[in-house]
Amino acid sequence: MIAANPLPLVPDCGGLIRVIALALPAAFFVESGMDNTVSPLLPIGNLLLALPSDMIAVIVIDGTSHASARNWLDGLLISCITELVSLSGSENIPHPWIQDMFHVRTRDRGRGVGPELVPAAGNIVGSGLAAHLGAAVTHADVTLAGGNQLVGPNFRLIGHSSLVDDSGIRRPVAGSANRRQKIQALDGRSVHSFGYRPQDLDNAPLDLLAVQLDPAALEGKTHQCGFHVDQFVSVTGLERSGRPLLLVADPVAHSGCNVRAATELKRKLDASALSLARQGFAIERNPIPVAPAIDNNKCLPRLYNNVVLENVTRSGQKRPFVWIPHFGDTETLEEFDAVNRKIWCGLGFQPIGVAGWSNLSSRNGALRCAIKIVDRDPDTRL
């Protein structure tokens with residue numbers, strides 16, 4: 001159960017990141033050691049190489065993977081601090097997307113209270129990590145994948161599918177309202193929905209900043225584009241014209257993929273951007289390619305919006321960091337890497353491109369999916 005006045009969730013923006021967690025399935029060490037098309041450990045290793053020396057990366061692994069994980073880490077010239085956490089017994093990590101496995105409440109430094117993990121009942125990764133950190137655990141009575149939630153300074157953006165249901169079967173209105181109340185109880189920030197109405201397809205204006213607030217326009221039949229909101233939307237921690245600024249993907253076909261696939265995705269994201277504007281957000285678009293995955297040749301979007309960022313500048317730096325998944329090291333996508341870096345640079349960030357994520361494109365995830373921020377400093381911006 002959730003406490004009446006719980007500490008807020010760790011946001012996706014704000015102060016310096018101190019501790020992150022990752023989860024690596026045993027299969028990753030087998031796949032990366034074979035002559036396979038993909039090497040799933042490559043982007044993870046590149047991410048660790050890109051982290052500052054004072055950041056701690058806690059890596060949760062299966063008990064059988066400890067020796068392989070240690071050998072892999074020893075072969076990386078990383079400067080960040082790493083800690084390996086082996087699960088006990090025969091428990092196995094099901095997938096690398098730790099973002100989805102649990103939520104984290106902020107540390108209350110004033111009272112000396114550490115972070116609190118909020119996993120679904122039976123989540124072995126969250127429980128094992130909490131034991132290692134000495135963190136409190138509170139089990140949620142509602143399932144909400146972390147990838148379908150973005151946490152801003154004073155808002156949460158949640159994918160419409162999670163607000164309606166978590167079972168794949170649309171609930172009655174009363175059940176959906178009860179579910180939304182439980183999701184709202186997780187955190188005191190206002191809840192906004194990522195979704196689109198069918199009648200808004202092909203009707204989004206070019207100038208979204210001129211769109212007026214219109215709560216009534218959010219009513220009625222609504223769909224969600226994609227599996228999770230963090231596939232296509234980035235929180236920036238910034239404002240534009242008094243509105244919270246979001247970066248929303250703008251798909252284009254690439255490398256022989258059918259233009260229709262990219263066009264359909266674009267129509268849905270255009271309508272989703274319109275909905276976000278009606279909810280009071282400022283929107284900037286960033287191009288993403290829809291291209292064949294390197295292992296199964298399916299035409300899939302490259303998730304450039306799946307980022308991790310800070311809004312506070314680190315000592316010795318001139319700008320705050322944003323870590324962006326890159327794909328041009330394996331595919332002919334260097335132009336998209338560069339354009340997305342340029343967009344973040346224009347927003348005042350120091351972009352850090354992390355290569356290798358083509359190796360996980362077919363699994364519909366990227367950099368943010370593979371990370372859970374466990375501890376972040378308060379936002380000290382004036």
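Place a point 7 Å from the Cα of residue 294 along the Cα-to-Cβ direction; which residues of the range 324-342 have their backbone N under 13 Å from it?
Answer for the range 324-342: 326-334.
Amide H neighbours of residue 321 under 5 Å, at least 5 residues apart or on other chains, H built in the peptide plane: list them.
Answer set, sorted by chain and number: 310, 314, 350.
Can you give me the distance in nm between label points at residue 181 and residue 334, each placed 7 Å from the Cα along the Cα-to-Cβ direction?
Once both label points are built, they end up 5.7 nm from each other.
Could you calculate the FRET efficiency of residue 131 with residue 377 from 1/(1 + (r/R0)^6), where r is the beta carbon distance between them and R0 is 22 Å, rounded to 0.05? Walk me through the numbers before you get to the answer.
Values: r = 24 Å, r/R0 = 1.10.
For R0 = 22 Å, the calculated efficiency reads 0.35.
At R0 = 30 Å, how high is the FRET efficiency between residue 315 and residue 342 if r is their beta carbon distance? Nearest 0.05 is fine.
Values: r = 26 Å, r/R0 = 0.85.
Efficiency, rounded to the nearest 0.05: 0.70.
Quick one: which residues, 5 or more positions from residue 286 or on another chain, have an amide H under 5 Å from its amide H? H modelled 1.01 Å from N in the peptide plane, none for Pro or chain starts.
248, 249, 250
What value, in deg cm²/dmol to 500, does the helix sum -39500 (n - 2.57) over DSSP H runs of n ≥ 4 give at 222 nm once divided by the residues of the chain?
Numbers: 8 runs with 86 residues, N = 382.
Helix contribution divided over all residues of the chain: -7000 deg cm²/dmol.
In the range 326-352, whose amide N lies under 17 Å from the spot 7 Å out along Cα-to-Cβ of residue 53? List them in ranges.
Once the point is set 7 Å along Cα→Cβ of residue 53, nothing inside the range 326-352 turns out to lie under 17 Å by backbone N.
How big is the gap, in Å, between the Cα center of the range 307-382 and the Cα center of the range 230-246?
15 Å
Which of the three applies to the range 297-339, rounded, prolate or oblate, going by the alpha-carbon gyration tensor with a ≥ b ≥ c and a/c under 1.5 meaning rounded? Could the numbers behind the result be given before it?
Working: a/c = 3.98, a/b = 2.35, b/c = 1.69.
Since a/c reaches 1.5 and a/b is larger than b/c, the shape of the range 297-339 is classed as prolate.
What three numbers, in Å, describe the spread of the alpha carbons of the range 249-382 along their principal axes, ordered from the longest?
Between the extreme Cα coordinates on each principal axis of the range 249-382 lie 47, 36, 26 Å.
Could you work out what % of the accessible surface of the chain is carbon and sulfur, using a 1.4 angstrom probe and leaving DNA, RNA and ligands out of the count? Kindly include the intermediate steps, with their values, before the conclusion.
Working: 8370 of 16010 Å².
That share works out to 52 percent.
Find, among the trypsin sites (Lys or Arg not before Pro) in the range 221-261, those assigned to loop by DSSP (not H, G, I, E, B) with at most 15 other beta-carbon atoms within 10 angstrom.
Within the range 221-261, the qualifying trypsin sites (Lys or Arg not before Pro) (loop, at most 15 other Cβ atoms within 10 Å) are 221.
Would you please name the trypsin sites (Lys or Arg not before Pro) within the range 277-354 that are DSSP coil residues with at most 10 other C-beta atoms within 10 Å of their C-beta?
Values: sites: 278, 285, 298, 302, 314, 318, 341, 342; in loops: 298, 302, 314, 318.
Listed in order of number, the matching sites are 318.
Under a 5 Å amide H to amide H cut-off, with H placed in plane at 1.01 Å, what residues pair with residue 299 once short-range neighbours are removed?
Counting only residues 5 or more places away or on other chains, the set is 293.
Could you name the lysines whose alpha carbon sits less than 27 Å from that of residue 318, not counting residues in the same chain fewer than 8 places away?
In chain and number order, the partners are 342, 372.
So with the 1.4 Å probe, I'd like the accessible area per residue for the chain, rounded to whole Å².
Values: 16010 Å² over 382 residues.
Dividing the accessible area of the chain by its residue count gives 42 Å².
For the range 238-247, just list the computed ³J(HN,Hα) in residue order, Karplus coefficients 6.51, -1.76 and 1.60, θ = phi - 60°, integers in Hz, with x standing in for Gly and Pro.
10, 10, 9, 6, x, 10, x, 8, 10, 9
Would you list which lysines come within 25 Å of residue 298, measuring only between C-alpha atoms, while excluding same-chain residues fewer than 8 positions from it?
Leaving aside lysines fewer than 8 places away in the same chain, those within reach of residue 298 are 266, 268.
What FRET efficiency do you get for residue 73 and residue 223 if R0 is 56 Å and r is their Cβ-Cβ distance, rounded to the nearest 0.05? Could the numbers behind the result be given before it?
On the way: r = 42 Å, r/R0 = 0.76.
Taking R0 as 56 Å, the efficiency between residue 73 and residue 223 is 0.85.
What distance in nm separates the two pseudo spin-label positions at residue 199 and residue 121, each 7 Å out from Cα along the beta-carbon direction?
4.2 nm
Shape verdict for the chain, please, from the Cα gyration tensor: rounded (a/c under 1.5), prolate (a/b greater than b/c) or oblate.
Rounded is the answer for the chain, as its axis ratio a/c remains below 1.5.
GluC sites (Glu not before Pro) within the range 215-267: which are DSSP loop residues with at most 11 other Cβ atoms inside 10 Å?
Working: sites: 219, 239, 264; in loops: 219.
Loop-located and lightly packed - 219.
Which one, 370, 283, 137, projects farthest toward the positive side of the charge dipole computed for the chain from Cβ point charges (K/R +1, D/E -1)?
Of the candidates, 283 comes out farthest on the positive side.
Evaluate the charge dipole of the chain about its Cα centre and quote only its size in Debye, nearest 20, assuming +1 on the Cβ of each Lys and Arg and -1 on the Cβ of each Asp and Glu. Don't jump to the answer; show the numbers that get you there.
On the way: 35 positive and 36 negative charges, 183 e Å.
Rounded to the nearest 20 debye, it is 880 debye.
Averaging over every viewing direction, what projected area does the convex hull of the Cα atoms of the range 200-296 cover, in nm²?
Values: hull surface 28.3 nm².
Result: a mean projected hull area of 7.1 nm².
Go through the cysteines of the chain and tell me which have no other cysteine Cβ under 4.7 Å away.
13, 80, 225, 345, 369
Can you list the aspartates and glutamates whose alpha carbon is less than 19 Å from that of residue 221, not counting same-chain residues fewer than 8 positions off?
Reachable aspartates and glutamates: 165, 166, 200, 202, 264, 270.
In whole percent, what relative contact order does the chain give with Cα contacts below 8 Å and a gap of six or more residues?
21 percent
Label points 7 Å out from Cα along the Cβ direction at residue 210 and residue 263: separation in nm?
2.6 nm
The values are calculated or read from the model by the stated rules, or taken from the named source; none is laboratory data. These figures come from a predicted structure and were not determined experimentally. Methodologically, a virtual Cβ is constructed for each residue, glycine included, from the backbone with ideal geometry; neighbour enumeration extends over all protein chains shown. For the accessible areas, the whole protein counts, side chains as well, though only heavy atoms, and no ligand, DNA or RNA atoms are used. Shrake-Rupley method; radii C 1.70, N 1.55, O 1.52, S 1.80 Å.
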